Amino acid sequence: MPVYLVGHLGSGKTQIAIESAVDFTIQNKINDHLADDLEAWFQEHKNASEDDAKCAFKRLNEKWKAYYEHIYEVGSEEEIESLQPLFISGSHNLTYEDMFVEKTLSLEQNFSSDSFESYLNTMVDDYLNWLQHHEHEIVGLKPEEQLQLKVQIWKSFSDLLIAKNNSFGTTIQKIEREILIALRQGRPVIVDELNTIAMQNLIALNDLLQRHAGQTAYITGIGPVKIAKGFAFIGTGNLSTQMVQYEGTNQLNPAFQSRFVTIEYNYVPQDLVGDLNINVDDTNNELYRVILSTLANREGAIQLPNGPESLKELYRFAQLSRLTQNVFMGKISEFEADGKSTVELREAVLSIRNIIHVLENWNCGEEKSLTMALWDGFISSITNADDQNYILSQAVRYGFFSEREGWSVRSKEVGEGITNYEEIRSNDSDYVRGPLTTYCSYDIIGLLYGQKPRHKSVPLQLRQTIGDEAAHIETLKLSDIQNMNQEIENLEYTSFLIDYLKETGDDN
Ligand SMILES: Nc1ncnc2c1ncn2[C@@H]1O[C@H](COP(=O)(O)OP(=O)(O)OP(=O)(O)O)[C@@H](O)[C@H]1O
Ligand SMILES: [Mg+2]
């Protein structure tokens, strides 16, 4: 079933579309492997019980899952590419041809490929052949007539050769585009910003959208095309509301939209009240989790100036962001808006995209405070004065732009105009980065999900790695494994610290 993901700007629609398409492709591939493997397993274990079969299924499933996870992380370019969906960026100018098949004209010019000598040789051969075949007819003629005939024949051959090779002209070449490739190869295709495409061009998708894999869809200009297994269609779009108008988007025709499962995907949840509770073991603070995972390096570690202080500040940043998202979406309760019922944001919002931008600008406090990054990376570039004013005032409410740090933000009336840096910066106190705290991946998991879970059994990957020793492992007590696990964690932590000290050249 085709899916249409709608929501506000920068909420992560494109990202989730891509990730679910990859999951879908991997699951399809795993299913194919499992079908073959289980078939072979049943041949070898004809008398197996249902429980044995379930066990075999579980083992094979884990094996293929691990295989594709590995490929997705460290596979070759082609391997990773084969798991990725095909992708089209929608725009008003996108035509039917851009989606299915592009026709281009190519100039044909046969003569240029061979040398003149070879053309001449071919012609001489043909001419001599002809004379040989018609020898007895020629000998009956008078010598002048013979000469005349030979000249005529030679000229005819020469004309024919030119006519044959001189077909300068244009031919139409067809280049298959994303949707057709996806249909034939059985891969998912994402049409991003679907509702910016002109409706008359989208209508071409109508037949295709109600067919399933294995069926044949009729594609205008191409004819019937069999839909290969693995094909899927995901569209994304911004939903205009009374408050926010997305320029260049249009309302989908109801008949067209009825072919989709429409899912609204908006900003991730975040508690707006309360301070950072170290044990945030709930899903209400997903935005804070996204922020920390964005900051983490490949190993999952984060270095922050004044560790706990920065964590609290990032938590408040998550709350401020979510508040702007609520106001932007028009979902705001009186409490959140300080009792004012008229608050609105028309253009600016701390969407995940803008949050990432601010965090990159901050660079974990390398050169500036988070407030300065919030100003440089977002608030200073807001062009709608009322939006900027509201976001600034809420940032102050969440503890940013404090006087202690050299700011003085004055709240402005609606319509008062844009705020610039000089207005709100009272002194140019230098920023000094506080002492760094390093959180390794285990700390971060602990911070985000509370108490780290303990292993209840020997993990499959560990058993596979140890191989022959597995039998011995089975006799180990769970507590032994837990202790070993703890030791490994400690070692990883130490190695991270040593690397860091080497990098900073700190011999002490
Ligand atoms: N859950 C998430 N965790 C981390 N990063 C995310 C998450 N969701 C989205 N992002 C990142 O946020 C940015 C914006 O996401 P994306 O482009 O998917 O938004 P969108 O809803 O498609 O925006 P638009 O409406 O402008 O097309 C991207 O850089 C994406 O990688
Ligand atoms: Mg998008």
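Laboratory data are not the source of any read-out in this text; all were calculated from the coordinates shown. Quantities reported herein were computed from a predicted structural model and do not represent experimental measurements. Don't worry about glycine lacking a Cβ; one is built from the backbone with ideal geometry, like all the others, and counts go over all protein chains shown.
Counting pairs of alpha carbon atoms under 8 Å apart in space and at least six apart in sequence, what relative contact order in percent does the chain give? Could the numbers behind the result be given before it?
Working: 622 pairs, mean separation 83.0, N = 508.
Relative CO of the chain lands at 16 percent.
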DSSP-defined antiparallel bridges as percent of all bridges, the chain, nearest 5:
50 percent
Filtering GluC sites (Glu not before Pro) in the range 258-323 by DSSP loop and by at most 14 other Cβ atoms within 10 Å leaves Glu299
Need the list of lysines near Lys164 for cross-linking: C-alpha distance under 27 angstrom, and skip anything on the same chain fewer than eight residues off.
Lys103, Lys150, Lys155, Lys174
Roughly how tilted is helix 13-44, in degrees to the nearest 10 and between 0 and 90, from the longest Cα axis of the chain?
70 degrees
Distance between Cα centroids, the range 128-194 to the range 70-108: provide it in whole Å.
35 Å
Only four residue types carry charge here, +1 at the Cβ of Lys and Arg and -1 at the Cβ of Asp and Glu. Report the dipole size of the chain about the Cα centre in Debye, rounded to the nearest 20.
1380 debye
Fewest-first ranking of Asp36, Asp207, using other Cβ atoms within 10 Å as the exposure measure
Asp36, Asp207
From the backbone phi of the range 170-181, what are the Karplus-calculated ³J(HN,Hα) couplings (6.51 cos²θ - 1.76 cosθ + 1.60, θ = phi - 60°) in whole Hz, Gly and Pro given as x?
10, 10, 9, 10, 10, 10, 6, 10, 3, 5, 5, 4
Cβ neighbours within 10 Å, averaged per peptide: list 89-95, 134-140 in order, most packed at the top.
89-95, 134-140
Out of Leu239, Gln388, Ser76, whose Cα points farthest toward the positive end of the dipole of the chain (charges: +1 Lys, Arg; -1 Asp, Glu; placed on Cβ)?
Leu239
So for Ile190, Ile481, Ile175, Ile203, fewest C-beta neighbours within 10 Å to most, what's the order?
Ile175, Ile203, Ile481, Ile190
When each of Lys312/Lys368; Lys368/Lys502; Lys29/Lys229; Lys29/Lys58 is checked by Cα-Cα distance, pairs over 19 Å:
Lys368/Lys502
Taking 0.36 nm per residue of separation and subtracting the Cα-Cα distance, what length does fully extending Asp376 through Leu161 add?
70.2 nm
Counting every Cα pair in the range 110-167, what percent are over 18 Å apart?
40 percent
I want to check the label-to-label distance for His92 and Gln303. Put each point 7 Å from Cα in the C-beta direction and report it in nm to one decimal.
4.9 nm
Checked against the positive end of the charge dipole of the range 110-167 (+1 on Cβ of Lys and Arg, -1 on Cβ of Asp and Glu, about the Cα centre), the farthest of Val139, Leu149, Ser118 is Leu149
For the pair Glu137 and Glu78, the simple spin-label estimate (label points 7 Å beyond Cα toward Cβ) gives in nm 5.7 nm
Just flag the trypsin sites (Lys or Arg not before Pro) in the range 286-318 sitting in loop per DSSP whose Cβ has no more than 11 other Cβ atoms within 10 Å.
Arg298
Taking amide H positions as placed 1.01 Å from N in the peptide plane, with prolines and chain starts having none, which residues 5 or more places from Leu5, or on another chain, fall under 5 Å of its amide H?
Gly235, Thr236, Gly237, Ile263
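Could you tally the net charge around Ile88, taking each other residue with its Cβ under 15 Å from the Cβ of Ile88, Lys/Arg +1 and Asp/Glu -1?
That sum, taken over residues with Cβ under 15 Å, equals -4.
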Return one number: the angle in degrees, 0 to 90 and rounded to the nearest 10, between the long axis of the Cα atoms of helix 478-504 and the longest principal axis of the Cα atoms of the chain.
80 degrees
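Sort 323-330, 364-371 by packing, meaning the average of other beta carbons within 10 Å per residue, with the highest value first.
Details: 323-330: 21.8, 364-371: 17.8.
Those peptides, ordered most packed to least, come out 323-330, 364-371.
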A chain fully extended from Glu416 to Lys226 at 0.36 nm per residue, minus the present Cα-Cα distance, gains in nm 62.3 nm
Using Cα pairs closer than 8 Å and at least 6 residues apart in sequence, work out the relative contact order for the range 308-424, in percent.
23 percent
Per DSSP helix of 4 or more residues, -39500 (n - 2.57); summed, then divided by the residues of the chain. What does that give at 222 nm, rounded to the nearest 500?
-15500 deg cm²/dmol
Among residues other than Glu367 whose Cβ falls under 11 Å from its Cβ, what is the net charge (Lys/Arg +1, Asp/Glu -1)?
-1
